[in-house]
Amino acid sequence: TDLRPLDILAEAVPPNGAESGISVTRVQGALGLQLSSPHAMSFPASRIFVRCDLFPEEFSIVVTLKAPPLPPKKNEYLFTVVAEGPDALLLGLRYSPTRLHFLPQPGLGGAWQTRVSFHSPPVARPARHRSVLFYTNGLHCRSPAAKPPPTVFRTADVPFPAALSVQGARFFIGSRRRTKGLFTGLVRQLVLLPGSDATPRLCPCRNAELVLSIPPILQGLTGKPEDNEVLKYPYETDMKVTLGSRPPCTKVEDAQFWFDAGQRGLYLCVGSEWVSVLAEAKERLDYVEEHQRLFTRSETLGIEVFVIPEAGLFIATANRKATSAIYKWTDGKFASYQSIRTHQAQSWRHFTIGKKIFLAVANFDPNEKGQEFSVIYKWSPRKLRFTPYQRVATHSARDWEAFEVAGEHFLAVANHREGDNHNIDSVIYKWNPRTRLFEANQTIATSGAYDWEFFTVGPYSFLVVANAFNGTSTKVHSHLYVWLVGSFRLFQSFLTFGAADWEVFHIGDRIFLAVANSHSYDVEMQVQNDSYVINSVIYELNVTAQTFVKFQEIPTCSALDWEFFSVGEDYFLVVANSFDGNTFSVNSIIYRWQGYEGFVAVHSLPTFGCRDWETFRTTAGSYLVYSSAKEPLSRVLKLRTG
Ligand SMILES: [Ca+2]
Ligand SMILES: [Ca+2]
Ligand SMILES: [Ca+2]
């Protein structure tokens, strides 16, 4: 992760010696810095915000200090960030004998117009030279049950300004650039931990190589503790924040911190156990970045991701022109692996039967001889290639779905149309273990079928079809079937608008079904551009009523695919928006599950004729890949988490 502790104090002090205006002073066995000039410790914000000039929206601050003896109403500054110009305070941390104030820029809006104040437990023991303050989003005070009570504050309910630019600003340690309010205590440590719930606006900060977050000047000069104060105040020795993998936690490390940058957790060693001091120490999606531009021979429709044991991770792209391709994940990128002749391929489906590995392609067009069929390929463990296995007669096939019911293997094809007729049968094939071929098992009447999706709920097996067009209208019913005594029977119908995809997903024990509506069109209706900007719908299974009920409608731009994925404990849906009536250049959106609020848009991704999204995971992290039906370029995106 890019988010590592930033040692603000070390930035402000020259590594090999104090400048004028700063002196190194011993406090109860440890060393601290004392200021005599408001300008002595200052540096441009750009030095630590290298790649991005936005202050992180969530963060923690670790301060170790000896509090000055101040009269009750007096204030002093621990640090500030000051913009150019007269007295443009952006933010700061201010100390008073009874409070700690975190000051935002005035007029930033929202709750931050008023400062957030914290009762300041260190006040009870002003002589002690360590307070540890953690400010993350919200206003919580939490003291870990530790023998040394470093004070942990969390701010939970007050959102920090999202786009606080520190461009051109300077950090001042112990002052706000003026003599007034100069900190008269000692500072030993001041570390900023960029925080937890970042948004796309939060850019990565600098990679700080920081293990011990005490400036070198204060490490080298550690003298012998006077009067055995180390024993007297064991917790007032060095306050360490260790990075990296889980360090030991014994008596020696007692009261020390471990910052797990990977999981973005901060832990305190308490009685030989690491205790989390930030409640939300978990992996979260921060932003999405382009990882690979995958140039394909022609425009790509469906993408299928699959793993072949002992061979690796692959994707198959369904390409519009004469060949489709298989790519293998090699050295962190997809590399060409095999080309397969296809006819306006729409999608691929990977499945296994026992040890056999198959890949079925849905061909939309007939071949050169006018024969119309789709092909099932089988992986040859000897050739390490897919070879043709079975041809199946199909009609403008859009999609294959593979599934198992009661130990038997099935393949369902979505036949889109035959000539001009969209009201035709789609076919469910069953694997015959004797002939080792798929044989037609059931036909189901469909209207411009686009997609099949199979899922199970408890002992029940379901198959849902996306019907896109009946010859005159895209406003048609798409049907959900349930398996009962040997065949699929109609279970429920949904009114859909050019339905192109069904996506089923689980959140806890809740079951959802999302449809991608692509187009609202009727021959009798005037063609309108806005007929592509329509709602797609998420349904939820009501178990008692045994029916799916509308859960949420989401505006989409000719949606062609939904893909569900999770990162850490968060759930996401990404939609393939393909067209808004004027342009294929539209944003596809990632939505995050927010419980009661349903899915809320969190990331906008510029896409062009977006057709299909898939997710996959490698040891290096989580990725998304999407295809474009309008240009020969697919993209692999990396999900950055912290
Ligand atoms: Ca499907
Ligand atoms: Ca889907
Ligand atoms: Ca997909």
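How do the pairs read when you match residues in the range 384-404 that are free of Cβ contacts under 8 Å to residues at least 40 places away in the same chain and under 13 Å from Phe351 (Cβ atoms) with residues anywhere that are assigned to a strand (DSSP E or B) and within 16 Å of ligand 1 (Cβ to nearest atom), using Cβ under 6 Å and keeping only pairs 6 or more apart or on different chains?
Sorted first by the residue in the range 384-404, then by its partner, the pairs are Tyr389/Ile376.
For the range 454-477, which positions are of a type in the set (Lys, Arg) and within 16 Å of ligand 2 (Cβ to nearest atom)?
Result: no residue meets the conditions.
Only one of Ser478, Ser518, Ser487 is in the same structural domain as Asp399 (by TED's automatic domain parsing), exposed (fewer than 13 other Cβ atoms within 10 Å of the Cβ) and either closer than 28 Å to Arg592 by Cβ or among the small types (Gly, Ala, Ser) (or both). Can you tell me which?
Result: Ser487 is the single residue among Ser478, Ser518, Ser487 that is in the same structural domain as Asp399 (by TED's automatic domain parsing), exposed (fewer than 13 other Cβ atoms within 10 Å of the Cβ) and either closer than 28 Å to Arg592 by Cβ or among the small types (Gly, Ala, Ser) (or both).
Limited to the range 478-513, what total is found for residues that are touching a His at 6+ places or on another chain (Cβ under 9 Å) and within 16 Å of ligand 3 (Cβ to nearest atom)?
Total satisfying the criteria: 2.
Please tell me if Phe403 is within 16 Å of ligand 1 (Cβ to nearest atom), part of a strand (DSSP E or B) and touching a His at 6+ places or on another chain (Cβ under 9 Å).
yes
Exactly one condition in (1) charged (D, E, K, R); (2) within 16 Å of ligand 2 (Cβ to nearest atom); (3) closer than 14 Å to Phe410 by Cα is not met by Asp451; state its number.
(3) is the only condition that Asp451 fails.
Please tell me if Ser536 is within 16 Å of ligand 3 (Cβ to nearest atom), closer than 25 Å to Ser347 by Cα, in the same structural domain as Ala468 (by TED's automatic domain parsing) and touching a Pro at 6+ places or on another chain (Cβ under 9 Å).
Judged against the criteria, Ser536 is a match.
Please determine, by comparing only the residues of the range 241-258 that are modelled with pLDDT under 70 and outside any loop (DSSP other than H, G, I, E, B), which one is farthest from Gln189 (Cα to Cα).
Among residues in the range 241-258 that are modelled with pLDDT under 70 and outside any loop (DSSP other than H, G, I, E, B), the one farthest from Gln189 (Cα to Cα) is Thr242.
Tell me the residue from Gly174, Gly181 that is buried (at least 24 other Cβ atoms within 10 Å of the Cβ), assigned by TED's automatic domain parsing to the domain that holds Pro38, within 29 Å of Leu70 (Cα to Cα) and at pLDDT 85 or above, please.
Only one candidate qualifies: Gly174.
When only residues in the range 447-475 that are within 16 Å of ligand 1 (Cβ to nearest atom) and of a type in the set (A, V, I, L, M) count, which is surrounded by the most Cβ atoms within 10 Å (Cβ to Cβ)?
Of everything passing the filter in the range 447-475, Ala449 is surrounded by the most Cβ atoms within 10 Å (Cβ to Cβ).
Small (Gly, Ala, Ser), touching a strand residue (DSSP E or B) at 6+ places or on another chain (Cβ under 6 Å) and surrounded by fewer than 22 Cβ atoms within 10 Å (Cβ to Cβ): does that describe Ser604?
For Ser604, the condition - small (Gly, Ala, Ser), touching a strand residue (DSSP E or B) at 6+ places or on another chain (Cβ under 6 Å) and surrounded by fewer than 22 Cβ atoms within 10 Å (Cβ to Cβ) - is met.
Would you say Gln526 is away from ligand 3 (no atom under 16 Å from the Cβ) and at pLDDT below 95?
Against the criterion (away from ligand 3 (no atom under 16 Å from the Cβ) and at pLDDT below 95), Gln526 qualifies.
Out of all the residues in the range 607-641, which are among the β-branched types (Val, Ile, Thr) and touching a strand residue (DSSP E or B) at 6+ places or on another chain (Cβ under 9 Å)?
Matches in the range 607-641: Thr607, Thr615, Thr618, Val625, Val636, Thr641.
Could you check the range 381-400 and list, in sequence order, the residues that are basic (Lys, Arg) and part of a loop (DSSP other than H, G, I, E, B)?
Those that are basic (Lys, Arg) and part of a loop (DSSP other than H, G, I, E, B): Arg382, Lys383.
Condition (residue is at pLDDT 95 or above, touching a Ser or Thr at 6+ places or on another chain (Cβ under 6 Å) and over 13 Å from Val413 (Cα atoms)) applied to the range 355-373: is it met by at least one residue?
The answer is no, given that none of the residues of the range 355-373 is at pLDDT 95 or above, touching a Ser or Thr at 6+ places or on another chain (Cβ under 6 Å) and over 13 Å from Val413 (Cα atoms).
Quick one: how many residues across the range 488-512 are in a strand (DSSP E or B), away from ligand 2 (no atom under 11 Å from the Cβ) and either within 30 Å of Glu569 (Cβ to Cβ) or in contact (Cβ under 8 Å) with a residue 12 or more places away in the chain (or both)?
Adding up the residues that qualify gives 14.
Given the options Val485, Val523, Val537, Val575, name the one that is within 16 Å of ligand 1 (Cβ to nearest atom) and without any contact (Cβ under 8 Å) to a residue 60 or more places away in the chain.
Val575
Please pick out the residue among Ser558, Ser604, Ser622 that is among the hydroxyl-bearing types (Ser, Thr, Tyr) and within 16 Å of ligand 2 (Cβ to nearest atom).
That would be Ser558, the only listed residue that is among the hydroxyl-bearing types (Ser, Thr, Tyr) and within 16 Å of ligand 2 (Cβ to nearest atom).
Here's a check for you: in the range 35-51, which residue that is surrounded by fewer than 18 Cβ atoms within 10 Å (Cβ to Cβ) and among the hydroxyl-bearing types (Ser, Thr, Tyr) is modelled with the highest pLDDT?
Looking at residues that are surrounded by fewer than 18 Cβ atoms within 10 Å (Cβ to Cβ) and among the hydroxyl-bearing types (Ser, Thr, Tyr), I get Ser46.
Could we say that Asp286 is outside any strand (DSSP E or B) and either surrounded by 18 or more Cβ atoms within 10 Å (Cβ to Cβ) or modelled with pLDDT of 95 or more (or both) here?
Criteria not met by Asp286.
The values are calculated or read from the model by the stated rules, or taken from the named source; none is laboratory data. Just so it is clear, the structure is predicted and the values come from calculations on it, not from any experiment. Backbone-built Cβ (ideal geometry, glycine too); neighbour counts: all protein chains shown.
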